[in-house]
1. How big is the antiparallel share of DSSP beta bridges in the chain, given as a percent to the nearest 5?
2. Counting only C-alpha contacts under 8 Å and six or more residues apart, can you give the relative contact order of the chain as a whole percent?
3. About its Cα centre, how strong a charge dipole does the chain have in debye, to the nearest 20, once Lys and Arg get +1 and Asp and Glu get -1 at the Cβ?
4. Rounded to the nearest 500, what is the 222 nm mean residue ellipticity of the chain from helices alone, with -39500 (n - 2.57) per DSSP H run of 4+ residues and division by all residues?
5. With r as the distance between the Cβ atoms of Tyr19 and Asp61 and R0 = 22 Å, compute the FRET efficiency 1/(1 + (r/R0)^6) and round to 0.05.
6. Quick check on packing: order 29-40, 50-61 by the mean number of other C-beta atoms within 10 Å, highest mean leading.
7. What is the angle, in °, between the Cα long axis of helix 20-32 and the longest principal axis of the Cα atoms in the chain? Nearest 10 is fine, range 0 to 90.
8. Calculate the FRET efficiency for Leu42 and Ile9 from the Cβ-Cβ distance with a Förster distance of 30 Å, rounded to the nearest 0.05.
Amino acid sequence: VQSLGLSSIDFLKTDIQGYVGKALPGMIWSLRNSKYVMIELLRRDLIMHRHLKSLGLKLADKHGSNYLYVRY
């Protein structure tokens with residue numbers, strides 16, 4: 001995203017089949033610069049809620065294992 005010269009992301013959807021913990025370090029810039037984030041979190045990934053909150057994201061809605069976060 002940065003290589004394209006974008007300064008922000010309106011909506012980011014992530015569905016990486018339980019590898020959120022491994023991918024999160026490489027996603028920090030994108031998460032910090034996204035207005036809305038839709039992310040699939042499995043039971044073992046639920047610790048990620050705290051990390052997403054620390055990046056300025058607030059849980060807005062949940063449907064099954066799909067979580068919608070909004071920048072606050």
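1. Numbers: 11 of 16 bridges.
Roughly 70 percent of the DSSP beta bridges within the chain come out antiparallel.
2. 31 percent
3. On the way: 11 positive and 5 negative charges, 53 e Å.
Once rounded to the nearest 20, the dipole reads 260 debye.
4. Working: 2 runs with 20 residues, N = 72.
Here the helix-only value at 222 nm equals -8000 deg cm²/dmol.
5. According to the calculation, E is roughly 0.45.
6. Per-residue mean Cβ counts within 10 Å order the peptides as 29-40, 50-61.
7. 40 degrees
8. Efficiency at R0 = 30 Å is approximately 0.80.
Every number in this text was worked out from the coordinates using simple rules, so none of it is lab data. Owing to the predicted nature of the structure, the values given are computational and were not obtained by experimental measurement. Reconstructed Cβ throughout: ideal geometry from the backbone, glycine too, with neighbour counts over all protein chains shown.
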